[in-house]
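Each remark here refers to the structure printed beneath this line.
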Amino acid sequence: MSIAEIVGLVLTVASLAAVGSVLATLVITTWRDRHAEIRMRGVDAYAQWLAAHKTLTRGSLSFVAAFRALAAEHRDSEYFPLRREEAQRTRADWSDAMRELDRAEATLLAWSPDESIRQKLTQLEGVSVEALRIAINGPQRDLDRLTRQLRNQDERATELVRAATADPRGRGSRGPNALARVTAYTQSIIDHWAKR
């Protein structure tokens, strides 16, 4: 091979390598952006579900407190109508929180086909109407038990979300490493042809 042919071959391979590097960079960047967008939608779905879960916890405790206060108020008291209004408002808020949790859970399940999500969500016991009724009508220890149960459920829900939204790849990205490997491989081809 003449020097002109080698130079031409090196320039051709270098041009192909540059085009290949640009294409590889575009593919990797596009894939990474798409993956990040899908991941963020999942993180948002989990965050909405956790927020709805915590809102329901607060709504449940407010519901119980309002109805306990209503039960403690005498019917002929001037505060009884106010207590009744407050109890009705907390009942409506509790119903809204239940609907919001159902919506957030449906969004989360629709986002991911992963069956383990459904299993993890069903392991978290929801607050039952019966548990609320017992806390309203029972002694203080029943209210304390409900409060502990709801707070434990919130902690378990928070841990579930942390585990589900943790980036399995860690903080780094594979994109630059893949690009470095492609560039090194291309450089080895150029070096191989330059030696001929």
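Using a 1.4 angstrom probe on the protein heavy atoms only, line up 141, 39, 99 by accessible area, largest first.
From most exposed to least exposed: 141, 99, 39.
To the nearest 20 Debye, how big is the dipole of region 1-105 about its Cα centre, given +1 on the beta carbon of each Lys and Arg and -1 on that of each Asp and Glu? Please report the intermediate quantities before stating the final value.
Working: 14 positive and 14 negative charges, 42 e Å.
My answer is approximately 200 debye.
When 1/r is averaged over all different Cα pairs and the result inverted, which Kirkwood radius in Å belongs to region 39-105? Show your work: numbers first, answer last.
Values: mean 1/r = 0.0764 Å⁻¹.
In region 39-105 this quantity evaluates to 13.1 Å.
Mind checking the full-extension length gain between residue 120 and residue 155? Use 0.36 nm per residue of separation minus the Cα-Cα distance, one decimal, nm.
Stretched out fully, the residue 120 to residue 155 stretch lengthens by 11.2 nm.
For region 1-159, what are the per-bin percents of Cα-Cα distances with bins 10 Å wide, up to the bin holding the maximum?
Taking every Cα pair in region 1-159, the percentages come to 9, 25, 20, 13, 9, 7, 6, 5, 3, 2, 0, 0.
With each label point set 7 Å from Cα along the Cα-Cβ vector, what nm distance links residue 47 and residue 91?
Roughly 3.6 nm, to one decimal.
The values are calculated or read from the model by the stated rules, or taken from the named source; none is laboratory data. This is a predicted model, so every value here is computed, not measured. We place every Cβ from the backbone using ideal geometry, glycine too, and count neighbours over all the protein chains shown. These area figures cover heavy atoms from the full protein model, side chains too; ligands, DNA and RNA do not enter into them. Shrake-Rupley method; radii C 1.70, N 1.55, O 1.52, S 1.80 Å.
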